1. Which whole-Hz couplings ³J(HN,Hα) result when phi for each residue of segment 155-160 is put into the Karplus expression 6.51 cos²θ - 1.76 cosθ + 1.60, θ = phi - 60°, listed in order with x for Gly and Pro?
2. Taking 0.36 nm per residue of separation and subtracting the Cα-Cα distance, what length does fully extending Ser176 through Arg36 add?
3. Return the distance in nm (one decimal) between the two label points of a simple spin-label model at Ala18 and Leu113, each offset 7 Å from Cα along Cα→Cβ.
4. Need one number: % antiparallel among DSSP beta bridges in the chain, to the nearest 5.
5. Please work out how much length the chain gains when fully extended from His92 to Asp60, using 0.36 nm per residue of separation minus the C-alpha to C-alpha distance, in nm with one decimal.
6. Going highest first, how would you order 143-154, 16-27 by mean Cβ packing within 10 Å?
7. Using mean Cβ contacts within 10 Å as the protection proxy, how do 121-132, 180-191 order, highest first?
8. Which value, in Å² rounded to 10, gives the accessible area of Ile94 with a 1.4 Å probe and all protein chains present?
Amino acid sequence: MITDELAHPEWTEEKIMALMEHYAAILKLLGEDTNREGLLKTPERVAKAMLTLTRGYEQDPHEILMTARFREPYSQMVIVKDIDFFSLCEHHLIPFYGKAHIGYIPNGYITGLSKIARVVDVFSHRLQVQERLTLQIKECIQRTLQPLGVMVVLEAKHMCMQMRGVEKQGAVTTTSDFTGAFNQAKTRQEFMNLIRGEH
């Protein structure tokens, strides 16, 4: 029986045991001795880590927004910026990480500000590409709150570019997506000015 005082809901005995077997096989294929002291618990640790890093598959971001959806007549831009996120690139299973900036214009309903960050957390804890992550965050907020518009900007560094391939350390990838009122260039510019601290 695998026990851990820091166990997460996504950890199940069946999943951990299956993943451990595969990670032990990978270590052997890489030429390692899985019986040496430093690697004895590595398959279990990696299994638990991967289940935690992909816990977003077990969570419903729409439900998270709905738990704090309130009727409110406010109709100006709401922005939550500099939301840290970490995700795994689905092409190499190597991390990419950065900041998310999200704005929406309410249409009768608002949500708790922490729930916006939780939506980012759910989608980033799945195997991802940055472009899809941007789209999924936007679509979730649009569908659940039905605001006058949503805009999402992600800025990220990709370890698959830094550790392998072109090995460029300073490269930052920016993606954006928007709906509704943000189709107007003036509204998009206001959002960009606000997340940059410009007036």
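The values are calculated or read from the model by the stated rules, or taken from the named source; none is laboratory data. Everything numeric in this text was worked out from a predicted model, so none of it was measured. Here the Cβ positions follow ideal geometry from the backbone for every residue, glycine too, while neighbour counts run over all protein chains shown. Just so you know, the surface numbers come from the protein's heavy atoms only, side chains and all, with ligands and any DNA or RNA stripped out. Shrake-Rupley method; radii C 1.70, N 1.55, O 1.52, S 1.80 Å.
1. 3J(HN,Hα) across segment 155-160, in whole Hz: 10, 9, 9, 10, 5, 5.
2. Between Ser176 and Arg36, full extension yields 45.7 nm more.
3. Taking the two extended label points, one gets 4.1 nm.
4. On the way: 28 of 30 bridges.
Among the beta bridges of the chain, antiparallel pairing accounts for roughly 95 percent.
5. 9.0 nm
6. Taking the mean over residues of other Cβ atoms within 10 Å, the ranking is 143-154, 16-27.
7. Highest to lowest by the protection proxy: 121-132, 180-191.
8. 30 Å²
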